[in-house]
1. Scanning region A:16-49 for residues that are buried (at least 17 other Cβ atoms within 10 Å of the Cβ) and in contact with a Gly (Cβ under 8 Å, 6 or more places away or on another chain), which turns out nearest to the other protein chains (Cβ to nearest Cβ)?
2. Provide a single number: the residues in region A:123-154 that are within 17 Å of the chain's Cα centre (by Cα) and open to solvent by 10 Å² or more (accessible area, probe 1.4 Å).
3. What is the number of the single condition among (1) open to solvent by 10 Å² or more (accessible area, probe 1.4 Å); (2) outside any helix (DSSP H, G or I) that A:Lys120 does not meet?
Amino acid sequence: MSELPRRAWVQQLMGLPVSVHVRGAALEDDDGARSDVEAAVAELFAELRRLDARFSTYRPDSEVSLLRARASAPGGDGAPGEPSPLLAEVQHLCAVARGATGGAFDADLPGGWDPSGLVKGWAVERAVRPLRAVCSELGLDWLVDAGGDVLLRAVDGRTWSVGVEDPADPSRLLGALRLRDGAVATSGSVHRGAHVVDPETGRPASTSVQATVLGPSLLWADVFATAAVVKASGGAEVARAWLDTLSGYRGSLASSP
Amino acid sequence: MRRITLWVVSTLSALVLLLSYRTSTAGTGADEAAAQPAPGTTTSSASPSTSTGAGAEPSASAASEPPSSSSSSSSGTYTGQSADTRWGPVQVRITVTDGRITDVEAVEYPQENHHDVEINSWALPRLQQEVLAAQSAQVDAVSGATVTSDGYLTSLQSAIDQAHL
C-alpha cells in the first residue's frame with residue numbers, strides 16, 4: 001500500500017500551511033489523470049484565496065472587515081447592506097454553531113463579529129469539491145491538512161493515518177488515527193498562544209487542554225473542538241460530557257502541563 | 001531585516017532540533033553541537049551568527065528578489081545559507097509580503113524519509129476504534145492546534161510533505 005504513487009502540494013494561505021496529498025495508481029499510469037489532479041489542486045488553492053479575500057479579518061477590504069467597520073462606526077445605523085450569498089451562508093452557519101454549542105462557539109466576540117473559527121473548515125470543504133470529484137472518478141485517495149485540521153477520503157479499502165500532535169511537544173504525537181473518510185480537527189493553544197477566546201468573558205479560554213474531534217464534516221469537527229476547549233475552562237469533565245452528547249462526532253481531550 | 005535574519009536562524013536551529021529528535025541518543029559530537037538551540041537567536045539581541053554551530057549560520061542576506069521600494073523593510077524573499085545536518089543539507093527560503101510570511105520553502109532538504117514518529121503517550125481513549133496500536137507510526141498528516149505559516153518548516157507536517165513533493 002505504501003508503494004502507491006503519491007504527490008503532495010503545499011501553499012501558505014490565510015497565514016496557514018495548507019497541504020494536499022493525493023495517492024493512487026492512476027497518478028503513475030495516466031498523464032490525463034495527473035493533469036486533471038493538478039488542475040483540481042490548483043482550483044482548491046485558488047478558491048481558498050478567493051474565500052480568504054472575502055472573509056479575512058486581516059484584510060481591510062474584505063467583506064467581513066467592511067461589515068465590522070460599519071457595525072463599529074459611530075452613528076452607524078447597525079444596518080449593513082445586503083450581504084453576499086456566501087457571507088449570508090456563513091452568518092447563518094455561525095448562528096447554528098452558536099446554538100449547537102450552547103454559546104461556547106460564538107462569532108460575536110468583544111472585538112467584533114469574527115467568523116474565522118468556522119470559515120476555515122467551511123472554506124476547505126467548499127474548495128475541495130473539484131478534487132473530491134476527480135479523485136472519486138479516478139480511484140485516488142486525497143487528504144487536505146489546513147493548519148492542523150484534516151479532511152480526507154481513501155478508497156479501495158485503503159486508509160490515511162493522521163497523527164494527533166502532543167500539546168506538550170509538537171514534535172511528538174499523542175497517537176495516530178487510521179481513517180477512510182471524514183475530518184479530524186484539533187483545537188488548543190499550542191502554537192498561537194491563547195487564541196481561543198471565551199465569548200462570555202472575552203478572555204483566553206483555558207490553555208491547559210487540547211480537544212480533537214472526529215466526524216464527517218471538517219466545519220463541524222472544528223467548531224466542536226473549539227467549543228470543547230472553551231467548555232473545558234469549566235472543567236475537563238464538563239467538556240467530555242458535552243462531547244459525548246454529539247451525534248455523529250466523537251472527541252477527545254488531552255491535557256497539557 | 002534584522003528580524004528576518006533572526007527568524008531564519010531560529011528556524012534552522014529548530015529544524016535541526018526537529019531532525020534530531022528521532023535519534024537524539026546516538027548523536028556524534030558535531031551533531032550534538034548542531035542540535036543546541038542557539039542562545040539569543042529567538043530574541044532581539046544581536047549577533048545571530050554566534051553559536052549556531054555546524055554550519056547552521058544563515059546570513060539571510062542573499063535576497064533573490066529585491067524588496068519592493070514601497071515596503072522595503074517588510075517584503076522580499078530571503079534565503080539562508082545551507083546547514084549541514086546528519087540527514088543532509090538544509091537550506092531555507094522564506095517570502096515575506098507586508099510583514100507576513102506568505103511562503104516558506106526548503107531549497108535543500110534531506111532526502112531520507114524521516115516522518116517515522118515515536119508515539120509519546122496514550123491519550124486518545126475515546127477514539128480507540130481508529131487509534132493505531134503501534135508504538136510508532138508512519139503518519140500521512142498531523143492534526144494539531146492551529147498551526148501557523150511561520151512554524152511550518154519546523155513542523156512534522158513539513159517533513160511529511162517534503163517526502164512527497
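The values are calculated or read from the model by the stated rules, or taken from the named source; none is laboratory data. Because the structure is a prediction, the values reported are computed rather than measured. Cβ sites come from the backbone with ideal geometry, for glycine too, and all protein chains shown count toward neighbours. The protein model used for the area step is the full one, side chains on, heavy atoms only, and it has no ligands, DNA or RNA in it. Shrake-Rupley method; radii C 1.70, N 1.55, O 1.52, S 1.80 Å.
1. Filtering first and then ranking leaves A:Pro17.
2. The number of residues fulfilling the criteria is 5.
3. (2)
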